[in-house]
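The values are calculated or read from the model by the stated rules, or taken from the named source; none is laboratory data. All of these numbers come straight from a predicted model, not from anything done at the bench. Glycine gets a Cβ as well: all are built from the backbone with ideal geometry, and neighbour counts include every protein chain shown.
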Amino acid sequence: MTPRPTFPLNAWYVAAWDAEVGRSLLSRSICNEQMVLYRKQDGRAVALADACWHRLVPLSLGTLVGDDVRCGYHGMRFNADGRCTHMPSQETINPSACVKSFPVVERHRFVWVWPGDPALADPATVPDLHWMDDADWAGDGSMVEVKADYRLVLDNLMDLTHETFVHSSSIGNEALAEAPFEAMHGETTASVRRWVLNEEAPAFWGAQLGKPGPVDRWQIIHFKAPATILLDVGVAPAGSGAPQGDRSQGISMWVIHIPTPATDKTCYYFWCHLRNYRVREQRLTREVLQAARGILLEDETIIEAQQRAMDRNPGRDFYNLNIDAGSLWARRLIDELIDKELAEKPAVHSIPIIPAAKALRA
Ligand code: FES
Ligand SMILES: [Fe+2]
């Protein structure tokens with residue numbers, strides 16, 4: 001029996017930061033599809049299957065010739081649509097010679113790819129991360145490769161009480177784990193809202209706010225299926241009106257987390273911290289980036305250990321607590337997308353490889 005997919009294919013996934021894709025060949029596995037990414041001479045990003053039509057050698061081992069990729073083994077060339085433009089030692093190009101080309105959109109500093117049915121790839125459905133392009137918000141991020149199912153990263157983010165225990169020296173404190181929360185959901189979205197009122201700020205937030213005294217802290221988690229999480233987080237001096245909607249005395253961050261499935265048990269975890277205070281201070285951007293790296297490393301350590309434990313205990317189910325309400329919704333929404341795909345087009349999850357000999361006869 002084919003194992004159940006862990007992700008839908010008909011979705012936009014971040015394949016790379018914009019600056020990672022250039023005039024060289026970048027190989028990434030997105031949802032079990034090995035892709036080669038590069039930019040054409042006009043700057044447009046391209047994603048092709050990273051396996052030559054001829055003998056499956058990764059095209060990423062080849063070179064760029066103009067807008068074409070030239071295979072590093074026998075020199076076949078493919079254009080940005082995946083069509084063969086040159087065959088070694090023969091003038092007639094077999095019309096069936098091609099590699100798969102994936103829809104690409106570049107938006108909000110990321111290069112997004114669509115590994116599923118290209119006919120369904122609507123650029124309007126790329127998640128809205130407009131803060132990434134907004135001069136009122138400053139910050140930067142990175143990507144870390146995590147040896148775990150991307151859903152374990154989502155679970156981690158949909159319940160931030162883990163900050164109390166995993167990040168006790170920076171953003172966690174006791175008050176957080178005890179604060180009440182509210183979980184909600186829509187058709188493809190889920191959110192968790194938590195306020196911690198009139199409590200001491202954890203070290204990171206106290207230093208960022210730069211004002212003494214207790215704070216009101218908010219954590220509003222927005223999930224968009226299948227793999228985007230936006231955290232609306234911040235602190236304000238206690239009683240200054242933040243819970244009522246006036247955050248002017250406080251500081252806010254949008255923290256973007258996108259764990260893109262690489263395989264069923266690995267992911268590329270893209271993240272970015274954006275702030276709305278001291279936006280012209282590049283030193284602060286660097287400091288926040290470094291602090292965030294340390295915090296993420298703590299998450300990565302726990303999540304990879306969790307994946308290894310799961311592998312040692314196949315078939316063991318998770319138990320759920322109240323705090324898991326957000327992650328349960330996220331997983332349910334992902335499951336609905338997978339179910340829909342399996343019902344409509346089972347074939348989308350099994351892409352056949354056409355033997356070259358057969359294709360030549362066609
Ligand atoms: S394997 Fe690419 S041209 Fe032969
Ligand atoms: Fe964390």
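Pick from the range 182-212 the residues that are touching a residue at least 60 places away in the same chain (Cβ under 8 Å) and closer than 26 Å to residue 297 by Cβ: which of them is farthest from ligand 1 (Cβ to nearest atom)? Looking at residues that are touching a residue at least 60 places away in the same chain (Cβ under 8 Å) and closer than 26 Å to residue 297 by Cβ, I get 208.
Here is a yes/no grid of residues against (1) of a type in the set (Phe, Trp, Tyr); (2) without any contact (Cβ under 8 Å) to a residue 12 or more places away in the chain; (3) more than 21 Å from residue 233 (Cβ to Cβ):
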position	(1), (2), (3)
274	no, no, no
280	no, no, yes
287	no, yes, no
292	no, no, no
299	no, no, no
306	no, no, yes
312	no, yes, yes
317	no, yes, yes
320	no, yes, yes
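Check the range 161-171 and report whether any residue there is touching an Asp or Glu at 6+ places or on another chain (Cβ under 7 Å) and away from ligand 2 (no atom under 12 Å from the Cβ). No, there is no match, as no residue in the range 161-171 is touching an Asp or Glu at 6+ places or on another chain (Cβ under 7 Å) and away from ligand 2 (no atom under 12 Å from the Cβ).
Here's the yes/no breakdown for (1) outside any helix (DSSP H, G or I); (2) outside the structural domain of residue 318 (by TED's automatic domain parsing); (3) at pLDDT below 95; (4) more than 20 Å from the chain's Cα centre (by Cα):
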position	(1), (2), (3), (4)
140	yes, no, no, no
152	no, no, no, no
172	yes, no, yes, yes
177	no, no, yes, yes
193	yes, no, no, yes
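Among the residues making up the range 74-128, those that are at positive phi and modelled with pLDDT of 95 or more are 75, 82, 108, 109. Of all the residues in the range 43-92, those that are more than 14 Å from residue 25 (Cα to Cα), more than 12 Å from ligand 1 (Cβ to nearest atom) and touching a residue at least 24 places away in the same chain (Cβ under 8 Å) number 1.
Residues are listed down the side, and each one gets a yes or a no for (1) basic (Lys, Arg); (2) within 13 Å of residue 98 (Cα to Cα); (3) more than 16 Å from ligand 2 (Cβ to nearest atom); (4) not in a strand (DSSP E or B):
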{"residue": "27", "(1), (2), (3), (4)": "no, no, yes, no"}
{"residue": "69", "(1), (2), (3), (4)": "no, yes, yes, no"}
{"residue": "72", "(1), (2), (3), (4)": "no, no, yes, yes"}
{"residue": "80", "(1), (2), (3), (4)": "no, yes, yes, yes"}
